[in-house]
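Following: one structure in C-alpha cells, then a few remarks.
Where a number appears in this text, it was derived from the coordinates with a stated rule and is not lab data. As the structure is a prediction and not an experimental result, all values here were calculated from the model. Every residue, glycine among them, receives a Cβ derived from its backbone with ideal geometry; neighbour counts consider all protein chains shown.
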There are 2 protein chains.
Amino acid sequence: MTSLRFVFLFLLISFSTAAQKDYKLWLQYNTVADSTAASEYKNNLKGIAVLGNSETIKIAEKELKTGFADMLGSIPEIRKDVKGENNLIVGSQMNLSSEIKTELQADLNKINTEGFVIKAILLKNKKQIVITGKNDIAVLYGVFHFLRILQTNKSVKDLNIADSPKTNIRILNHWDNLDRTVERGYAGFSLWNWQKLPDFIDQRYIDYARANASIGINGTVLTNVNANALILTPQYLEKVEALANVFRPYGIKVYLTARFSAPIEIGNLKTADPKDPEVINWWKNKSAEIYKRIPDFGGFLVKANSEGQPGPQNYGRDHVDGANMLADAVAPFGGVIMWRAFVYSEHDANDRAKQAYAEFQPYDGKFKENVMVQVKNGAIDFQPREPFHPLFGAMPKTPLMMEFQITQEYLGFSAHLVFLPKLFQEVLESDTFQKGKGSTVAKVVDGTLYKNKLTGTAGVANIGNDLNWTGHPFAQANWYGFGRLAWNPYLDSEVIAEEWLRSTFSNNENFIKPVKNIMIESREAVVNYMTPLGLHHIMDTGHHYGPGPWVSNLSRPEWNPTYYHKADKNGIGFDRSKSGTDAVWQYAPEAAKLFDNVETCPEKELLWFHHLSWDYKLKNGQTLWNGLALKYQQGVDQVRKMQDVWNKTENYIDSERFNEVKMLLEIQHKEAKWWRDACLLYFQQFSGKALPDGVEKPTQTLEYFKSLKFPFAPGNG
Amino acid sequence: MTSLRFVFLFLLISFSTAAQKDYKLWLQYNTVADSTAASEYKNNLKGIAVLGNSETIKIAEKELKTGFADMLGSIPEIRKDVKGENNLIVGSQMNLSSEIKTELQADLNKINTEGFVIKAILLKNKKQIVITGKNDIAVLYGVFHFLRILQTNKSVKDLNIADSPKTNIRILNHWDNLDRTVERGYAGFSLWNWQKLPDFIDQRYIDYARANASIGINGTVLTNVNANALILTPQYLEKVEALANVFRPYGIKVYLTARFSAPIEIGNLKTADPKDPEVINWWKNKSAEIYKRIPDFGGFLVKANSEGQPGPQNYGRDHVDGANMLADAVAPFGGVIMWRAFVYSEHDANDRAKQAYAEFQPYDGKFKENVMVQVKNGAIDFQPREPFHPLFGAMPKTPLMMEFQITQEYLGFSAHLVFLPKLFQEVLESDTFQKGKGSTVAKVVDGTLYKNKLTGTAGVANIGNDLNWTGHPFAQANWYGFGRLAWNPYLDSEVIAEEWLRSTFSNNENFIKPVKNIMIESREAVVNYMTPLGLHHIMDTGHHYGPGPWVSNLSRPEWNPTYYHKADKNGIGFDRSKSGTDAVWQYAPEAAKLFDNVETCPEKELLWFHHLSWDYKLKNGQTLWNGLALKYQQGVDQVRKMQDVWNKTENYIDSERFNEVKMLLEIQHKEAKWWRDACLLYFQQFSGKALPDGVEKPTQTLEYFKSLKFPFAPGNG
C-alpha cells in the first residue's frame, strides 16, 4: 500500500513540475539516477556542519538542503558543529576550527578573496569534506560548485579543489529601460518591476540572484547604456536600494548607467561639462547620495558620445575628461567607472571598424585607476563572427573590460539555438601578439599580460521575464557559459556545454553526447547561414531581424549593409588590408601581417579584411561564389542535422522542453533558409553566376524577401 | 524505509513547487486533507470511463488524471467503457449508452448546448456518477465543475446537478498591443508573443485556455480596442490562426478588434466609408479570408469614434451604418459584431455621463441581428463605484453586452486587494425598473427581460505574463469571479470568494472565514479611500495612478477631475438631478425619481447625482465634510484590518504567497493613506474646515502630493 502511494506521489511530482523545469535553469537538481554515485554521496555525506550565521551562510545551507532533497531524496543531519565522520563542513576560514585551518592553510594560500577550497581531509582520522573560503560569499561559490559535482554525477571521494575567479568584476549589463522594455531583449520584458519596487520583492529577484551566484557572477548593471537620468533620482534610487538589498547576500553588487547629461536633466544645471565645478560637485553629491543608500554600490557604466548619447565631447572635452570626472566622484567609496569604447562618429568618414581604436588607444595611461574601458569583443558590433577587437592588448596601462553580448541581437534572437561560449572562447583564445606570441585576449582580460589590478568581463544579458528567463531553453546555456567564462576565461566551451547539459537536462550519455555536439557546432552553423567567410552587418535595419544585404538608404553610411559587404560585379568584401582602409595596422605586426595577406588571412575572416573577385579560388579549390553559396547551404544543413539529433532525445527529457526546442529548431531551420535564399539571390545579382550543385533552389524571389517588414520585432529600443 | 522515502519525497515536492503555486491559479488541486472527504471520493470513484476521442475529451481525461493524482494521490483506472460500480462516466450525450441516456433524459432536457449534467445514478443497481452534456465542450465544463467539488471538499454521494451558462458569449477583452504592451495592464506584458508565433506555441497559451475553460469563458478578443490594422494582415492572421487552434479544444473562440480605417491603412483604399461599395467589399473579403483560416472565428469588437479612434462618423455615417456593414461581412460565417457604446465627444458640451445614452438609445431596433452593443457597467469609466449605465434596460430590441473591467485601472493597479465580483454583483443586481420593478441589469444581460437571443458579458482582462498571471495573487480571484458571473450573473460574490479561496489556498475554515470577509469588504474599502459618497474620476492624469483631484488643465474639460467633483466653497458633487444636467432622466422614472431626490438617493452615490454644501447633513447626522473625511479614514482603517487578518494566515498557506500578499497590503495601506491625505488636503481648501476627530493628520503637504510624477507608470497606452 505504501509503495503504491509512492508510485502515485511520483506521478504527482511529474504533473506539478512539468511546467516549471524551464524556470529552474541549470539548478534542476534532478534525482541522481546513477545508483553507484548516489550511494557514494550518501555514504560520504552523512551530516552537514554549517559554520556561521550570515544571510549568505543561511542561503548556502538552504541550497544544500534543496540540492540534497531533490538529488538524493533526503537531507543529511544539519548541525552547527562537527560530529563524527563523513561530514560536509561548510564555513569561511574564520569560522573553521584551528585544526581544520591548519590542515587547509596551503590551500587557502592559493585562493584569492573570492576563491574557494573543496577538499576531502582526514581529521583525527575521520574523513570529512570541507568547503571554505576567505569569506561567506566565497563559501557560497564553493557550495554551488560542490552541488554541481553532484549534479554532474562526479565522485566526491578525493575532492581537492582550490579555485578562484580570474577577474574581479563578472557582470551582467541589462539594457533594460524604465518602461520595462529591453533593448535587444528577446525573452519578454525587464525583470525589474519599478512600479512595485521598493515595497514588493518579486521572488524572481531572489531567484535571479541565486542563479547568478551559482555561476560566480558578482555584479549587475540594472539599466540600459542608452540611459535615462531618472534612475538617479531619489524616487528610483529607493527602488535600486531594495534590489541591492536582495542581491547583497548573494555577493552581487548593483551598478547603474550614468547618463552624462543627468546634471542638466535632473540636476537643474545649465551644463554637463565635466570640467565645470558645479557639474563635478553634482556628481560627487549624487555619488555620496547613492552610497549612503547602497554602501557597496559598484559604480557606473557609461555610453558617451556614441550613437546620439550625450558625453564630454558635447563640451569640447574628451572621454578621459568625462571618465575621470566620474571616477573621482565614486573613488572615495570604492566605486569604479566602466567607460565604453563603443564609439563611431557620423563626422568620421573612416572605416567604422577603425574608429574606436583610433579614438581610445591614444588615451592609454590617462585614465584614473578606478576606470575600466569596456570594449566589445569585435570592432563592429556583436556579429556572428568578428576578429578580436584591436584595442585588446593595445592599451597596456588601461584595464580593458571585455563586453560580450549574451542576448542574440544578431544571432537569431531567442529562436535560434546558438551556443555562444564557443564564440566567446574563440575571441578569448585569439592571439593579439601585442607582447609577443601567446598574448591572448584572455590574458588581457584577466590582467596577467600587463599586470592590471582591475579586471572584468561584462555580458549584455539575455534575461527577461519569460517563464524560462531567456526565451530559448538553450539560451540559458549562454547565460551560464558567460558566467563560467567570466570566472575563468580559459575554460573550454565543450566542458561548459557538458556541465550545463548535465545540470539542466540529464546525465544520460545517450543524450549528452549528441546534444553536446550540436551545441558546439551551432555557432558555426549560424555563421554559415548568416555571414560566412567574414561577411558582417548584412542584417535588416533597426530590429536587426533577418537578412537585409540590400539596405543602402540609411542616413549614416556605416549603418548600411552595403557599406560592409561592398558587393559589385567585381567581387565582394571589405578591403581593410594595406590596399584598403588599412585597418590591419591597428593590430600588432604579427597579427596585421596575417590578416593583411590574403594567403594567410583565415578564411573564416576573409571578407572582413579583403574584397575579392567572385572567381577567387578558396583553399578547397572552390570559387568564392561557389564557396559562399555552399557555406550558406551548409548552415542550413547543419540546422537540419541539429533537428535530427534533437528529435531523438524525446525519451531522455521532459516533453515540455523537448517540444519547445523542437518548435524553435523548426523556426531556426525556416530562418536559416530565409537567410540563405535572401543573401544568395541578392549577391547573385552581382556575381551573375548560377548556384552551384548542392545548393537548394530558393523558395521565394528576392523581391519577396525585400518586401518583408517587421514593425513590432522585439528589442528595437 | 519506504515510509522514510515517502517523507523525503514530500519534502522534495514542497521545495520544487513552492515558487510555482502562483502560476497554478485556482487549479492547485491541493491534497484533500479532510480524510472523510478523501475516503468518500476514493470509495465512490474507483474507475473512470471516458467516452469519446476528441481533443476536448482527451483534455478532460488529462484534467481528471491531474486532479486525482494531486488531490487524492492516486488515479482510478481509466477505461473506454463502464465496468463494475462506482465509476465516473464522462462523455457527451451521443457517446452515452442508450440506457444511461434514458436515465438522464429529463436532465438533458434542462440544459442548453453548453450546459452539463453531473448526476449520481443507479445503473443495473450499480452506483455510477455521470458527467455529460450535449457536446464535448459541455462535458469539459462538467469535468471542471466536478473537480471544483473535490477541491472544495464537498460530497459527491448524491450529486444531481444540471447547470447551463446563462449567456452565450463569455469573453475576455485583452487590451494588448502588437508590441506586447498592454493598455491598462498591470501584470507584466502581453501573453501573445507575436514574434514567435505561429511556429512557437508557448505553454502559457495552453494553460491560459485551460484556466478559462475551467470557469466557462468561451471567447477572447486578442487585441486592444484601440486597434492596429496590421492584425488583419496575412502576416498576423497566420499567428492568430495558431492561437485559435490552441484554444479550440478548450471551447474558446478567438475574436479580433477591427480598426475602422483598416481598408485605408492595409487595403490601399481611399476611404473607410461604410457605405462605399469598395469598403463593403473589402470587409467581406477580409472576413472570408479570416474564416478560411479560422472557421469558428468569433467576430469583431469595435471601438469607433471614441477617444480619437476612427469610425463611421468620419464619413458622415453613424454607428448603425458602421456596425451593420461589418455585421453583413461576418454574418455568412456566423460571426458577431460587438460594437462599443463607450463614446463621448469633444464637440459635445453635455455632461459626459449622458452622451452614450443620448447617442445610442435612439438606435434601438436598427442594428442587424448579429450586432451586440457593448456597454460599460457605468456611464463614465470603470470607477470604484458608479451607478449602473442608463442604457441597460433602455434598448429592448438590442442585445446589450456587459463590459466589466477586470484589470484595476482605477482601483490600485495590481497592488491593491480588491475583490471585484462584489462590484460586478452590485451592478448586476441593480434594478433598472425599465419593465417594472425587478428589471435588474442581470436580466438585461442574460436576455430574459426582453427575450434577446444573443447575450454576453465581456471583461477587460487583468492577465499578463507575470509569473502569477495577474500581478496580485488576489487579482486571480477577479479573473475567476468574472468567469463565474459571466456564466451565471445571479451568483453571489460571497459564494465565488469561498470557492476561489478553497481552490486556490486551503479548505481550512480558520483561513477561509476571515479571508473571505476581507475579500468581501475590500471593494468598499477602495471606494472609501479613493472615491467615497459618489465621488468619481479624481485620479491623476494619463496613467490614472494615485489621486489627482486638482487636475484642471487638460485640453478636454471632461478629462479633468475638477469637472467631476466640482468642489468649491459652496460644496462638492456633480449635480445630475433635474436642477443640474438632468442625467437622471435617462433612467426609468422609478430610478430617476430615486436618484433625483437627495433624500432617496443612496448615499453611496450622493455626489454622483448632487452638488451639496459642506454642511449638508448625512443620514448619520455628520456634516458632508466630516462624513467625507471619516469615509476616507475608514478606507484606510479597513486596509489595516485586512493586514491584521492576513498576518494571521501564515500557518495555513505557503510562505511565498503569504509574503507576496503581505508586501502588497503594505503598498495598499501606504497608497490608501496617500489617497486620503491628498484628497482631504485638496478638498479642505474649499471646505475651510478642520479634519474631524478620528481622522489622522496628513503625513505630507498638498504641494508634495501635487508634485509627484510617475512617468513610467505601467499600462498608460
Förster radius 30 Å - calculated FRET efficiency between A:Met663 and A:Gln203 (Cβ-Cβ, nearest 0.05): 0.65
Per 0.36 nm of contour for each residue apart, how much would the distance between B:Asp364 and B:Glu650 grow if the chain were fully extended, relative to their Cα-Cα spacing? 97.5 nm
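List the relative contact order of the stretch B:169-495 as a percent without decimals, with contacts defined as Cα pairs under 8 Å and 6+ residues apart.
Relative contact order, the stretch B:169-495: 19 percent.
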Subtracting the Cα-Cα distance from 0.36 nm times the residue separation, let me have the gained length for A:Glu99 to A:Phe333 in nm, one decimal. 80.5 nm
Treating chain B as a set of equal point scatterers at the Cα positions, no solvent, please give the Debye-formula log₁₀ I(q)/I(0) at q = 0.05, 0.07, 0.10 Å⁻¹. -0.25, -0.50, -1.02
Give me the one-decimal nm value for the distance between modelled label points at B:Arg640 and B:Thr699, 7 Å along each residue's Cα-to-Cβ direction. 1.2 nm
For the stretch B:545-626, which trypsin sites (Lys or Arg not before Pro) are in a loop by DSSP, counting at most 11 other Cβ atoms within 10 Å? B:Lys569, B:Lys619
Cross-link pairs beyond the 23 Å C-alpha cut-off, checked among A:Lys354/A:Lys376; A:Lys641/A:Lys662; A:Lys24/A:Lys166; B:Lys631/B:Lys673; A:Lys303/A:Lys437; B:Lys443/B:Lys619: A:Lys24/A:Lys166; A:Lys303/A:Lys437; B:Lys443/B:Lys619
Compute the relative contact order of chain A as a whole-number percentage, counting only Cα pairs closer than 8 Å that sit 6 or more residues apart in sequence. 12 percent
If I model a spin label as a point 7 Å beyond the Cα along the Cα-Cβ vector, how far apart are those points for B:Ser74 and B:Ile149 in nm? 2.1 nm
Between B:Glu307 and B:Asn125, Cβ-based FRET efficiency (R0 60 Å, step 0.05) works out to 0.35
Among the stretch A:586-615, those whose backbone N falls under 20 Å of a label point 7 Å along Cα→Cβ from A:Asn570 are A:596-599, A:606-615
Using a 10 Å cut-off on Cβ to Cβ distances, tally the other chain neighbours for every residue of B:187-200 and report the average as a whole number. 5
Does anyone have the angle between helix A:203-214 and the longest principal axis of chain A? Alpha-carbon axes, 0 to 90°, nearest 10? 90 degrees
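Sort B:Asp582, A:Asp176, A:Asp321, A:Asp34 by Cβ crowding within 10 Å, fewest neighbours at the top. Please list the in-between numbers first.
Values: B:Asp582 15, A:Asp176 25, A:Asp321 18, A:Asp34 12.
Ranking B:Asp582, A:Asp176, A:Asp321, A:Asp34 by Cβ neighbours within 10 Å, fewest first, gives A:Asp34, B:Asp582, A:Asp321, A:Asp176.
What dipole magnitude, in Debye to the nearest 20, does the protein assembly as shown give about its Cα centre under +1 on Lys/Arg Cβ and -1 on Asp/Glu Cβ?
It comes to approximately 2080 debye.
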With the dipole of chain A worked out from charges on the C-beta (+1 for Lys and Arg, -1 for Asp and Glu) around the Cα centre, which of A:Thr132, A:Phe595, A:Ser439 lies farthest toward the positive end? A:Thr132
Once the other residues with Cβ under 15 Å from the Cβ of B:Leu624 are scored (Lys, Arg +1; Asp, Glu -1), what is the net sum? +1
Between the Cα axis of helix A:509-530 and the main Cα principal axis of chain A, the angle (0 to 90°, nearest 10) is 20 degrees
Considering only DSSP beta bridges with both partners in the protein assembly as shown, what is the antiparallel share in %, to the nearest 5? 30 percent
Measuring from label point to label point, each 7 Å out along Cα→Cβ, what is the A:Lys619 to A:Thr541 span in nm? 3.8 nm
So which GluC sites (Glu not before Pro) in the stretch B:277-339 end up in coil per DSSP with only 11 or fewer other C-beta atoms within 10 Å? none
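Might you report the magnitude of the Cβ-based charge dipole of the stretch B:20-163 about its Cα centre, with Lys and Arg at +1 and Asp and Glu at -1, to the nearest 20 debye?
The calculation lands at about 240 debye.
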Shortest first and in nm with one decimal, please list how far the B:Lys110 label point sits from its counterparts in the other copies (point 7 Å along Cα→Cβ). 7.8
In what order do B:Phe342, B:Phe144 fall by count of nearby beta-carbon atoms within 10 Å, going from fewest to most? B:Phe342, B:Phe144
Taking Cα pairs closer than 8 Å and at least 6 residues apart, the relative contact order of the stretch A:20-163 in percent is 28 percent
Nm distances between copies for A:Pro557, ranked from closest, using label points 7 Å along Cα→Cβ: 6.0
Net charge near A:Tyr682: determine it from the other residues with C-beta under 14 Å of the C-beta of A:Tyr682, scoring Lys and Arg +1 and Asp and Glu -1. +1
One finds the C-alpha centres of the stretch A:222-299 and the stretch A:161-175 to be spaced, in Å, by 23 Å
Specify the angular offset, from 0 to 90 degrees and rounded to the nearest 10, of the alpha carbon long axis of helix B:98-110 from the longest principal axis of the alpha carbons in chain B. 10 degrees
Please compute the length gained on full extension between A:Ser552 and A:Asn597, using 0.36 nm multiplied by the number of residues separating them and subtracting their Cα-Cα distance. 13.3 nm
Footprinting exposure proxy for B:Arg676, B:Arg210 (fewest neighbouring C-beta atoms within 10 Å first): B:Arg210, B:Arg676
Find, among the trypsin sites (Lys or Arg not before Pro) in the stretch A:56-91, those assigned to loop by DSSP (not H, G, I, E, B) with at most 16 other beta-carbon atoms within 10 angstrom. A:Lys80, A:Lys83
Note, A:Asp328: beta-carbon cut-off 10 Å, +1 each Lys/Arg, -1 each Asp/Glu, net +2
